Amino acid sequence: MDLVVNGVRRHVDTDPKRLLLFILRNELNLTGTKYGCGEGECGACTVLLDGVATRSCQVEAAQAAKHQITTIEGLADGATLHPVQQSFMQCDALQCGYCTPGMILSSVALLRKNRTPSEADIKQALNGNICRCGTYNRIVAAVQQAAGKV
Ligand code: FES
Ligand code: FES
């Protein structure tokens, strides 16, 4: 089966029902996508499918193959971090970093749709992403800082 990941067509020899999260991490070595709950509840495994923030632990390979898949590894432009990655660093919007790839990809999806989100918009868009370190306020500040740059 072929998957288009970060703009590159990748062939994986896999069961079409295998979950995208495990293909990304185990077959394609894209370990920026994190395994949290495995039940669609924490957002750690968030990727973009055609630009839509999606829980990769809930998507089978056959379904993922119909879409352009973007993981955290696909955001930077060479050595230049994506504006949302830059603002997360500048705002210190992470501690352990486990939630960060999912937070950033959910933020990118929001900012591509809404260039000037309110604080309420940001909180709603990130509502399904859990940060066990409690960096929520700094995450909101980082998304506000990146607004208009995506
Ligand atoms: S690991 Fe997918 S939502 Fe938690
Ligand atoms: S920074 Fe640790 S879970 Fe969010």
From the residues in the stretch 1-38 that are more than 18 Å from THR70 (Cα to Cα) and under 16 Å from the mean Cα position of the chain (by Cα), which one is surrounded by the most Cβ atoms within 10 Å (Cβ to Cβ)?
GLY36
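In the stretch 97-124, how many residues are within 16 Å of ligand 2 (Cβ to nearest atom) and in contact (Cβ under 8 Å) with a residue 60 or more places away in the chain? Even if it seems obvious, please write down each step before you answer.
As a first pass, look at the stretch 97-124 and keep what is within 16 Å of ligand 2 (Cβ to nearest atom): 97-107, 122-123.
Checking which are in contact (Cβ under 8 Å) with a residue 60 or more places away in the chain leaves us with 98-99, 101-103, 106.
Of the residues in the stretch 97-124, 6 are within 16 Å of ligand 2 (Cβ to nearest atom) and in contact (Cβ under 8 Å) with a residue 60 or more places away in the chain.
Does GLY51 meet the test of being exposed (fewer than 15 other Cβ atoms within 10 Å of the Cβ), among the small types (Gly, Ala, Ser) and under 13 Å from the mean Cα position of the chain (by Cα)? Before the answer, list the steps.
Working: exposed (fewer than 15 other Cβ atoms within 10 Å of the Cβ): yes; among the small types (Gly, Ala, Ser): yes; under 13 Å from the mean Cα position of the chain (by Cα): yes.
Considered against the rule, which asks whether it is exposed (fewer than 15 other Cβ atoms within 10 Å of the Cβ), among the small types (Gly, Ala, Ser) and under 13 Å from the mean Cα position of the chain (by Cα), GLY51 comes out as yes.
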With respect to ALA64, determine if the residue is within 16 Å of ligand 2 (Cβ to nearest atom) and more than 17 Å from LYS149 (Cα to Cα).
no
Going through the stretch 55-67 one residue at a time, which ones are in a loop (DSSP other than H, G, I, E, B) and more than 15 Å from HIS11 (Cα to Cα)?
VAL59
Can you name the residue in the stretch 37-70 that is of a type in the set (Gly, Ala, Ser) and farther than 24 Å from LEU111 by Cα and, of all such residues, is nearest to ligand 1 (Cβ to nearest atom)?
GLY38
Of all the residues that make up the stretch 95-150, how many are away from ligand 1 (no atom under 16 Å from the Cβ), modelled with pLDDT of 95 or more, among the β-branched types (Val, Ile, Thr) and closer than 22 Å to THR70 by Cβ?
4
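The rows are residues; the columns are (1) among the aromatic types (Phe, Trp, Tyr); (2) touching a residue at least 24 places away in the same chain (Cβ under 8 Å); (3) in a loop (DSSP other than H, G, I, E, B).
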position	(1), (2), (3)
VAL4	no, yes, no
LEU24	no, yes, no
GLU39	no, no, yes
ALA44	no, yes, yes
VAL47	no, yes, no
ALA53	no, yes, no
ILE69	no, yes, no
Within the stretch 71-86, take every residue that is in contact (Cβ under 8 Å) with a residue 60 or more places away in the chain and of a type in the set (S, T, N, Q) and give me the one that is nearest to VAL140 (Cα to Cα).
GLN86
The helices (runs of 4 or more DSSP H) lying wholly within the stretch 71-150 that contain at least 3 residues that are surrounded by 22 or more Cβ atoms within 10 Å (Cβ to Cβ) and among the hydrophobic types (A, V, I, L, M, F, W, C) are 100-113, 136-146
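The values are calculated or read from the model by the stated rules, or taken from the named source; none is laboratory data. From a predicted model like this one, the values you see are computed outputs, not experimental measurements. No Cβ is skipped: glycine too gets one built from the backbone with ideal geometry, and neighbour counts run over all protein chains shown.
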